[in-house]
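The values are calculated or read from the model by the stated rules, or taken from the named source; none is laboratory data. Everything numeric here is computed off the predicted structure, so don't read it as measured data. As a convention, Cβ positions derive from the backbone with ideal geometry for all residues, glycine included, and neighbour counts pool all protein chains shown. Just the protein is used for accessible areas: all its heavy atoms, side chains included, with ligands, DNA and RNA removed. Shrake-Rupley method; radii C 1.70, N 1.55, O 1.52, S 1.80 Å.
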Amino acid sequence: MTRNKLFAANWKMYKTPPQATEFVAAFLPMVADVTADDIALCAPAVCISAVAGAVKGSRIGVGAQNMHWEKEGAFTGEISAEMIAASGCQYVILGHSERRQYFGETDATVNRKLEVALEAGLTPIVCVGEVIEEREAGLTDDVLRRQCTSAFRGISAAKAAKLAIAYEPVWAIGTGKTATPQLAAQAHETIRHEASKAFGKGFAEKLRILYGGSVKPENAKALMSEAELDGALVGGASLDPKSFAAIVHYQA
Ligand code: PEP
């Protein structure tokens, strides 16, 4: 089964709307030749409209980095699935380790958000991954299984059709340390197995599992040559149009 790849930029808390527009103006011509794989720019909430306007007419998608699970309400500072979709998003990152670490995101809230994102027609990119202590204690598979079963709870295969997962070993995010392609592929197999248990074998074969953790132009080719790796979620190296374009062109 060949799956087309997805390269998603996670800009985190970087870029103002004018800076985001400037990025897109430089980036679009660099990736105009990319027709098989998908590209998404997951921007800070205040940049979503600007990015959506700037990518109009191209194949590039727009994503948010988080959302609330309620449709609306008294949740100061939060944004809903409907709001981000109406602002031009097709994608949303859920359960990023920085949200888990600093903002109290749990497996249970990821599950609630996943259900609502799918209902809104968004493509959720659900992040899972172990911290260094868990890897060193041999608990990586247990952690991935727990994060996946919790995230998938109560969601049907039909509803989950657009789901994508990002395997992001926490020790590799923003640290310059990258999982070896083989080590990443093993974790992806565990995740795919969980998806198969939850949604069926056919679903799991089509599921895109991205790798995230210090992906750079220099290591993208080796990582992406593993059949299990269906693209990348890229933080630091996605802030510069040239370096993100080089990752998208990993085969060159
Ligand atoms: C991320 O933010 O999801 C990420 C993988 O960051 P970095 O590429 O900087 O490690």
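Within region 133-184, take every residue that is among the small types (Gly, Ala, Ser) and part of a helix (DSSP H, G or I) and give me the one that is surrounded by the fewest Cβ atoms within 10 Å (Cβ to Cβ).
Taking the candidates together, the pick is SER150.
Say whether the condition of being assigned to a loop (DSSP other than H, G, I, E, B), surrounded by fewer than 16 Cβ atoms within 10 Å (Cβ to Cβ) and more than 16 Å from the ligand (Cβ to nearest atom) is met by at least one residue in region 205-220.
no
Being touching a residue at least 12 places away in the same chain (Cβ under 8 Å), surrounded by fewer than 17 Cβ atoms within 10 Å (Cβ to Cβ) and out of contact with any helix residue (DSSP H, G or I) (no Cβ under 6 Å at 6 or more places or on another chain) is the filter here; which residues of region 47-58 pass it?
GLY53
Can you say whether LYS71 is surrounded by 14 or more Cβ atoms within 10 Å (Cβ to Cβ), away from the ligand (no atom under 16 Å from the Cβ) and not in a helix (DSSP H, G or I), as far as the supplied structure shows?
Answer is no for this residue.
Among (1) open to solvent by 70 Å² or more (accessible area, probe 1.4 Å); (2) within 16 Å of the ligand (Cβ to nearest atom); (3) among the hydrophobic types (A, V, I, L, M, F, W, C), where does ALA227 come up short?
All conditions pass for ALA227, except number (2).
Return the pairs, sorted by first residue and then second, in which the second residue is in a loop (DSSP other than H, G, I, E, B) and open to solvent by less than 40 Å² (accessible area, probe 1.4 Å), the first residue lies in region 9-38 and is within 25 Å of ARG99 (Cβ to Cβ) and more than 16 Å from the ligand (Cβ to nearest atom), the beta carbons are less than 6 Å apart, and the residues are 6+ apart or on different chains.
Pairs that qualify, where the first residue is within 25 Å of ARG99 (Cβ to Cβ) and more than 16 Å from the ligand (Cβ to nearest atom) and the partner is in a loop (DSSP other than H, G, I, E, B) and open to solvent by less than 40 Å² (accessible area, probe 1.4 Å), are ALA20/ALA43.
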